[in-house]
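Accompanying notes for the structure given below.
The values are calculated or read from the model by the stated rules, or taken from the named source; none is laboratory data. Everything numeric in this text was worked out from a predicted model, so none of it was measured. For neighbour counting, all protein chains shown are included, and Cβ atoms are generated from backbone atoms with ideal geometry for every residue, glycine included. Just the protein is used for accessible areas: all its heavy atoms, side chains included, with ligands, DNA and RNA removed. Shrake-Rupley method; radii C 1.70, N 1.55, O 1.52, S 1.80 Å.
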Amino acid sequence: MTIDKSLRIKKGVSRSRNVLTRVERIEKLQEMDKWSDDCSPLNLPKVRVYKVVLKKKKKAAAKEDEAPAKGKK
């Protein structure tokens, strides 16, 4: 049986996911000190997933920086 293209993992997840697995949610709760070993893994509270956005550098700013350097010899 073959795997659908949308389900294949080539280089890991390239986009941010909005749903975490139970293990990932427990790890996040442990980081926030809201989880103890005596808690049940069922009915876990919601955990906020932050989307990481990287800003791209503007091309115009790069061209302005290069222009004065070319004029000097």
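Summary of values
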| quantity | calculated |
| --- | --- |
| Accessible area of Ser36 in the full protein assembly, 1.4 Å probe (Å², nearest 10) | 50 Å² |
| Relative packing of peptides 18-26, 50-58 - highest average C-beta neighbours within 10 Å first | 18-26, 50-58 |
